[in-house]
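Asks: Please see the structure below; I have some questions.
The numbers here are math on the coordinates, done by the rules we state, and not lab data. In this text, all values refer to a predicted model and were calculated from it rather than measured experimentally. Cβ placement follows ideal geometry from the backbone for every residue including glycine, while neighbour counts extend to all protein chains displayed.
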Amino acid sequence: MRLARRAAVAIAAGALLSGTAAYGTASAGDTASATAQHLPQPWAGTSQADTLRDAAATQGRFVGTALNDGLLNNPTYTAIAGGEFSSVTAENAMKWGSLESTRGQYNWGGADRLVEFADRHGQQVYGHTLVWHSQLPGWVENGNFSPTELRGIVDNHIATVAGRYAGDIDRWDVVNEVFNEDGTFRDSVFSRAFGESFVADAFRATRAADPDARLFINDYNTDGINAKSDGMYRLVSSLLDAGVPIDGVGFQSHMILGQMPASYQANLQRFADLGLEVVITELDIRMNTPSDAGRLAQQAEQYRQVVQACLNVDRCSGVTMWGVSDRDSWIPGVFPGEGAANLYDEDYRPKPAYGAVLAAFGGGGDPDPTDPTDPTDPSDPTDPTDPAPGGCTVSYRVTSAWPGGSVVEVGVTTATALDGWQATFALPAGARVTGGWNATFSQSGSTVTAANVAHNRAVGAGGTFGFGFQSDTGAHGAPAVSLNGERCATG
Ligand code: G2I
């Protein structure tokens, strides 16, 4: 499959990390050789990019999707997958079970179609995955091979697959999901035969088969700093110390609405500080279905936070969404009653999360559509082109204040019924919310988001809800308040 397309694609996507592979003896003090070098882009500095891929390119990042081979005959699907994304990962087609379900008989169809699709659309290819305990062919899983035989089988698999696509693949998930939740090593056909050493061997074999691909280890629930990501950190540190050719770590980021790990960016950064590239490899954010406007707004904000965390880490080279639309997602089949996790809805219409990701990458003209102090926002009270408010009325009262502190009570009356809500407003520069009640608070810069708690999630048409908070700023005027992204009138 040598289409020899990688260099041209990477330049078109503007997502190239320059320099030699950051493997071997790289350490926290040895970061200069692999610092991200972002190629100049003709559109850099403007905010006119109106596709995810163009916007991500202005940041020197790629934005990817998992590609489902079974949907390549759907023109709506392929238009979005080809037009919006600069990288594709095979959702299933490059897994061992898909390629060689019968020993020695290869089915390259789906994987070849993916590589050709990427070539036609000027996209990078993220290979997924060479050594994984799941979706293995039965003959590997249940073969009762001796360690020597199994070693030969794994080596042959890597040489055959990585060799076939050498020149086409930008990054390989060489090894996938080797940890238990407590950070110990997972029991599998591979760990039973070899202990942990199969990981190092797989990286060496992949480097030999495809010297140019960047080599990753990938896992889920390693997104924040926790026991599992500590296990990953220990393993990759020891691989680097041993000179094993590993270039990066993938953070799957299969998330639950409202459960953004507080240490997400810090976790990416600690791996980056080892000299490794980091990638968000399988992002989705699921919720109970059916969705509603409040939860979709909350999801958009969480997507924004993920992308922003990547942008804040120099060595975070891109973000891949796990699938295009809610219609195609793996989630409802595995978590009944949950879904709506992707950027496009069941009818392939972009959801609020799409706009949030586009804006987070600097596209679409508005870097933060929920920021009430931004004059380009539809919710900005000073913008005469904004739609007149009417859906909600707000009272924002500073009920007590002293030098260096105040207490605020906010009441919101909504014209339409709500099932979940987010109120956003700006505090004076530098001020922080220090506590509150009847809402969950988060803050980005001066913008505060107050989200419903369980007992006030549902509000009837014409109903009023309230929340309050303390902050470390003294007396201040009432800011504009938006409800689920729409500016409210003051009352
Ligand atoms: O489970 C979510 C992801 C977690 N990280 C590794 C990824 O590779 C994994 O992706 C999912 C795919 O999205 C699913 O589409 O991996 C699943 C398998 O573990 C995929 O599901 C499988 C079904 O279980 C099979 O019944 C089906 O034959 O997809 C296969 C192909 O459609």
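Asks: Under the Kirkwood approximation applied to all pairs of distinct alpha-carbon atoms, what is the hydrodynamic radius of the range 192-339 in Å? Intermediate values should be presented prior to the final figure.
Replies: Details: mean 1/r = 0.0605 Å⁻¹.
Over the range 192-339, the inverse of the mean reciprocal pair distance is 16.5 Å.
Asks: While we're looking at this one, here's another question. Would you pull out the residues with amide H under 5 Å of residue 284's amide H, same chain only if 5 or more places away, H placed 1.01 Å from N?
Replies: So residue 284 has HN proximity to 254, 255, 322.
Asks: How about the range 400-491: which trypsin sites (Lys or Arg not before Pro) there lie in a loop by DSSP and see at most 16 other Cβ atoms within 10 Å? Before the final figure, lay out each step's value.
Replies: Values: sites: 432, 457, 487; in loops: 432, 457.
Hits after loop and neighbour filter: 432, 457.
Asks: Hey, how much of the P(r) for the range 238-324 falls beyond 16 Å, as a percent of Cα pairs?
Replies: Values: 2064 of 3741 pairs.
Within the range 238-324, distances greater than 16 Å cover 55 percent of Cα pairs.
Asks: Related question: Rounded to a whole number of µm²/s, how large is the Stokes-Einstein D of the range 126-271 at 4 °C and 1.567 mPa s, given Rh as the Kirkwood radius over C-alpha pairs? Mind dumping the intermediate values first?
Replies: Numbers: Rh = 15.8 Å.
My calculation gives 82 µm²/s for D.
Asks: Quote the relative contact order of the range 86-137 in percent (integer), defining contacts as alpha-carbon pairs under 8 Å separated by 6+ residues.
Replies: Working: 64 pairs, mean separation 29.7, N = 52.
Relative contact order here is 57 percent.
Asks: Moving to a separate point now. If we count every other residue with Cβ under 15 angstrom of residue 133's Cβ, Lys/Arg +1 and Asp/Glu -1, where does the sum land?
Replies: Numbers: positive: 95, 186, 192; negative: 141, 173, 177, 181, 187, 196, 219.
Result for the neighbourhood of residue 133: -4.
Asks: Give the order of 222, 413, 184, 129 when sorted by the count of other beta carbons within 10 angstrom, beginning with the fewest.
Replies: Values: 222 28, 413 19, 184 11, 129 24.
The fewest-first ordering by Cβ neighbours comes to 184, 413, 129, 222.
Asks: Project the alpha carbons of the range 399-453 onto their principal axes and report the range along each, largest first, in whole Å.
Replies: Between the extreme Cα coordinates on each principal axis of the range 399-453 lie 39, 24, 17 Å.
Asks: Turning to a different aspect of this structure: What whole-number distance in Å separates the alpha-carbon centres of the range 106-157 and the range 324-362?
Replies: For the range 106-157 versus the range 324-362, the Cα centre distance is 27 Å.
Asks: If you don't mind, another one. Determine the equivalent ellipsoid of the range 283-372 by diagonalising the alpha-carbon gyration tensor, then write out the semi-axes as square roots of 5 times the eigenvalues, largest first, rounded to whole Å. Numbers along the way, then the final one.
Replies: Values: eigenvalues 100, 46, 24 Å².
Over the Cα atoms of the range 283-372, the ellipsoid semi-axes are 22, 15, 11 Å.
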